[in-house]
Every structure is written in C-alpha cells, then in structure tokens.
1. What residue, among those in region 89-100 that are more than 16 Å from the chain's Cα centre (by Cα) and surrounded by 13 or more Cβ atoms within 10 Å (Cβ to Cβ), is nearest to Arg5 (Cα to Cα)?
2. Please verify whether Leu118 is closer than 20 Å to Met1 by Cβ and at pLDDT below 75, treating the condition exactly as stated.
3. Listed residues Glu76, Glu106; which is surrounded by 11 or more Cβ atoms within 10 Å (Cβ to Cβ), over 17 Å from Val21 (Cα atoms) and at pLDDT below 80?
4. Of everything in region 31-73, what is among the basic types (Lys, Arg) and modelled with pLDDT of 75 or more? Give them in sequence order.
Amino acid sequence: MVDGRGVPLACVVSAANVHDVRRLLPTVVACPLGRHGTTQRLPARLYGDRAYGSAGHEALLRWIGIEPVFAHRGTEHGSGLGRVRYVVERTIANVHQNRRLKVRYERRSDIHQAFLTLACIKICWNRLPKKLKRPK
C-alpha cells in the first residue's frame, strides 16, 4: 500500500499462490492509521485493479471509512486507473531493485518481511528532501 506520491505505507508478505484480494484487509490494517488519542488519518480513497472488485470488500472498506475505487469485472479496459496504478507499479519496481527481494530465497516469511521493510525504509529515505538528510 502506497500513498499518492509512491511512499510505502504498508507491506505484507504472502505466499506466491495466495490471491491479492485475500491480503487486502491485512494490508489496510497494517497501514499506520494513527494511535489512540490522536486523529486518525484514514486514506480517502483506495485504488485497485479488477482483482479487488468484490461487493463484500467494497462494503467493508466503506464501513471503515475508505472509498474504494476499483475497476469492475466485465467492463471494458481503460477505466483510467492506469495513471493512478503507475505510482504503485513504480514503487514495486523500486522494491525489486534490491536483488534479495526480486526472487524470494528465504523460507521464513519473517526474514523476508524484514528485508521488505528495509527496502521500504530505503525508498522513504530516498524520497526525503536533501535538506532533511543532511546531519546538523
């Protein structure tokens, strides 16, 4: 899950044979949405491709307070989500720049999750303005 600028908000590891829609809710829950006593910063909209377009998941996201914008099955391609999905695909490509993550060598998912988190930290660091990176 990334924000509109491509900064990773949450990442969840799953097996290769698990459908993406089964990891939708764990990924949304893993997103830092605020803590107790603070105002929650729920995303206004959640964009996704045709795989996420089910009535049950859309209703659950609306109940949480997130407006789902999914391409629906059985409709023509060209829904306009490609421009929005490009940001996500670019971030995934940046994650795969790390050779260890391109092919999963680890059998344990916690180790792979740790490397994935490090890759997301690296992406966040590279997106910081240069004046914030300088030590004082």
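1. Asn98
2. So Leu118 does not fit the description; no.
3. Glu106
4. Answer for region 31-73, where residues must be among the basic types (Lys, Arg) and modelled with pLDDT of 75 or more: Arg45, Arg50, Arg62.
The values are calculated or read from the model by the stated rules, or taken from the named source; none is laboratory data. Being a predicted model, the structure only gives us computed values, none of them experimental. Here Cβ is always computed from backbone atoms with ideal geometry, including for glycine, and neighbour counts include all displayed protein chains.
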